[in-house]
1. Expressed as an acute angle from 0 to 90° and rounded to the nearest 10, what is the orientation of the C-alpha long axis of helix 28-101 relative to the principal long axis of the chain?
2. Choose one of 20, 5, 50: the residue whose Cα lies farthest towards the positive end of the charge dipole of the chain (beta-carbon charges +1 Lys, Arg; -1 Asp, Glu; about the Cα centre).
3. Excluding residue 92 itself, calculate the net charge of residues whose Cβ lies under 14 Å from the Cβ of residue 92, where each Lys or Arg counts +1 and each Asp or Glu counts -1.
4. So how tilted is helix 3-23 from the main axis of the chain? Cα-based, degrees 0 to 90, rounded to 10.
5. For the chain, set up a GNM with springs between Cα atoms under 10 Å and report which of 61, 88, 43 has the largest fluctuation.
6. Looking only at 71, 53, 14, which one moves most when the chain is put into a Gaussian network model with springs between Cα atoms under 10 Å?
7. Would you please state the base-10 log of I(q)/I(0) at q = 0.10, 0.23 1/Å for the stretch 3-101, with intensities from the Debye formula using one equal scatterer on every alpha carbon?
8. In nm, what is the difference between 0.36 nm times the number of residues separating residue 64 and residue 92 and their Cα-Cα distance?
Amino acid sequence: MGKKGLVSVVIAGVAGFVTGILIAPKSGEETRKELKQKAQVKREEANKKMNDVNLALKKGRTEVEGFAKNVADHAGALGEDAKTRAARVAEEAKRTADKVQK
């Protein structure tokens, strides 16, 4: 379901809920109390979902940071290895040049 479809479903749900409340055989005070209770439940559900999202974001961030650190460590090790190999090649080139000069 696309974004527009989801919005339509939410709007239809809200409209149905409001219509049901308005035609229900309850007093205004009872209706307001019921609305307040349902709003509180929805607020709590929204807060729980927001907390779940925040926990998922924190977990994802921790995993990405760990991955980035591993990549950086590996890159550093590869750099050191390349530096060591380059020094060996340079030393061998120098020895070869020295032999050629003699």
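Derivation of every value follows stated rules applied to the coordinates shown; laboratory data play no part. Worth saying up front: this structure is predicted, and the values here are computed from it rather than measured. Here the Cβ is made from the backbone with ideal geometry for all residues, glycine too, and neighbour counts use every protein chain on show.
1. Once rounded, the angle reads 10 degrees.
2. Comparing the listed Cα positions along the dipole, 5 ranks first.
3. So the environment of residue 92 carries a net charge of +3.
4. Once rounded, one gets 20 degrees.
5. 88
6. In this elastic network of the chain, the residue with the biggest mean-square fluctuation among 71, 53, 14 is 14.
7. For the stretch 3-101, the Cα-only Debye profile gives -0.62, -1.16.
8. 5.9 nm
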